[in-house]
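The block underneath contains the structure these notes are about, expressed in C-alpha cells.
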Amino acid sequence: MTSVPEVTMRHPWEMPPAPGEAIEVAEGVWWMRLPLPMKLDHVNVYALDDGDGWTVIDTGFSSKKTRAIWEQLMAGPLKGKPVKRVVVTHHHPDHIGNAGWFQSEHGAELVTTRTAWLFARMLTLDVQEEWPQETLDYYRSAGMDPEIYDKRAADRPFNFADVVYPMPLGFTRIKQGDVFRMGGRDWDVHMGNGHAPEHATFWSRDDNLVITGDQILSSISPNIGVYATEPMADPLADWLEACERLAPLARADHIALGGHKLPFSRLPLRMRQLIDNHHGALDRLLDHLDQPKTAAECFAPLFKRSIGEGEYGLALVEAVAHVNHLYCIGKLDRSRREDGAWLYQRKG
Ligand SMILES: [Zn+2]
C-alpha cells in the first residue's frame, strides 16, 4: 500500500515481460504478467519447467481476456507443453482466479495451503446480490467516507465469483516445513501470514530463488487489511510475526520473485525496510491519536500521501489493521460514535 523509495532496491530486470511474452529469470523458470483492472494493474505469474509439463505459480483474475493471454502464453513461450500443476500462493482473486480453469479445462492439479483453498472456495460459493448487512456495518465502524459509502451501497456488491473461476472439489495441500519439488529444484515451504492467512512462500535449496508471492514485495508494501469476515483480526501482528520468522532465511544474493512489481535482490534489506516501515507508521499513528479519530481519519500518518478513490478501499482496510493492532496490544481505547464508527484514542 505505502510507496517505499526504491533507492536501495536492486532489480535484475528493469522491464517486465510484454503481454503474452515471458522472461527466463533462471534456468527453466519463466516470468510472465497478466493485466488487472485496478490501480495495481498487473500480477506476476511464473512457469517452472518440469520436463514433461509445467508448474504454474499463480493465475490472474478470472476473465476471458486473461484466459486468452494464458492460451497465447501456453502456445508461445510455454511451447505447447501441458500445465500439469498450478501452485497458488494465497487465496486472493488475482492469484487464484484461474486455478479452477486449469483444473477443469486442462486437468491440472491444484496445490495450495488448506486455508487458501477453504477461503477461496467459500468466498466463490458465497454469491451476494445485495450487500450483506455485516459488511455495511463494518464499513460504518471503520468510519468510511459517507459519499463513498453511499456510492458503494448503491452498487452491486463485489463478489469473489465475478473474478474467480468456479473451483472444483479437490486440491493438494502444502504446509509449513514441506519440501516441494518443481522446476528441477527442491523448495522449502514457509508460511507467510497477514497479507493473507497461510500464504505460501518457496525457498529454493538448489539456487538463489525465492518465490515470495505477496508476502514480500519490491516497491510497494503488501496490503494488510481487516475485513467484515473477522472485524477484530490483527493481521499486522500476523504479518510481522511471519516476516521476523522468515527474515533469517533471506540472503543478499537471493532473487525474490514476487506477485507484483519487479523481481529484486537484497531481500534481507527489503524485509527489514518493510518491517521498520510498519513500526514507523504505528508510532506516527499513536501520535495522531492524541484525539479520538476513526480508522478512516488515520490515512495521513499511515500513508503520508493523499489517497485517491481507486485505492480508498485498500487504504481503509489497512488503516483498520493498524488501529486494531494498537488496540489489541493495549495502546488504544475505543468508543462508538452515534453513526456506528469506532473512535480510537491513545491511552493515558
Ligand atoms: Zn496480489
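Odds and ends about this structure:
- Protein-only accessible surface order, largest first, of Val127, Val25 at 1.4 Å: Val127, Val25
- Less than 5 angstrom separates the built amide H of Arg185 from none of the residues sequence-distant by 5 or more or on a different chain.
- Residues of the stretch 61-99 with amide N under 14 Å of a point placed 7 Å along Cα→Cβ from Glu105: 61-75, 83, 97-99
- Bridging of Lys81 to aspartates and glutamates at a Cα separation below 14 Å is possible for Asp49, Asp50, Asp52, Glu71, once same-chain residues fewer than 8 apart are set aside.
- At R0 = 41 Å, FRET efficiency that the Cβ-Cβ distance of Asp126 and Lys79 yields, to 0.05: 0.60
- Across the chain, Cα pairs under 8 Å and at least six residues apart give a relative contact order of 16 percent.
- With N the number of residues in the chain, Rg(Cα) / (2.2 N^0.38 Å) evaluates to 1.00.
- Contact order relative to length of the stretch 1-138, as percent, for alpha carbon pairs under 8 angstrom and 6 or more apart: 17
- When +1 charges are put on Lys and Arg Cβ atoms and -1 charges on Asp and Glu Cβ atoms, the dipole computed for the chain relative to its Cα centre reaches about 380 debye.
- Label-to-label distance, Arg251 versus Asp186, with points set 7 angstrom from Cα along the beta-carbon direction: 1.5 nm.
- Candidate lysines - alpha carbon under 25 Å from Lys331, same-chain residues fewer than 8 apart omitted: Lys293, Lys304, Lys347
- Amide hydrogen neighbours beyond the local backbone of Gly213, cut-off 5 Å, H modeled: Gly259
- Among the protein heavy atoms of the chain, carbon and sulfur supply 52% of the accessible surface, probe 1.4 Å, non-protein parts ignored.
- Only aspartates and glutamates eight or more places from Lys39 in sequence, or on another chain, were considered; those with a Cα closer than 15 Å are Asp94, Glu309, Glu311.
- Both numbers refer to the Cα atoms of the stretch 129-239; Rg and Dmax are 18.4, 53 Å.
- Near Glu24, the amide H atoms lying under 5 Å from its own belong to Trp31; only residues 5 or more places off or on other chains count, and H is placed 1.01 Å from N.
- Approximating the spin labels as points 7 Å out from Cα along Cα→Cβ, the Ser335-to-Glu244 distance works out to 3.3 nm.
- Percentage relative contact order, the stretch 104-196, counting C-alpha pairs under 8 Å, at least six apart: 37
- Accessible area per residue, Å², the chain with all protein chains present, probe 1.4 Å: 43
The values are calculated or read from the model by the stated rules, or taken from the named source; none is laboratory data. The structure presented is a predicted model; accordingly, all values stated were derived computationally and were not measured. Neighbour counts are summed over all protein chains in view; Cβ atoms, including those assigned to glycine, are modelled from backbone coordinates with ideal geometry. Areas reflect the complete protein model, heavy atoms only, side chains present, ligands, DNA and RNA absent. Shrake-Rupley method; radii C 1.70, N 1.55, O 1.52, S 1.80 Å.
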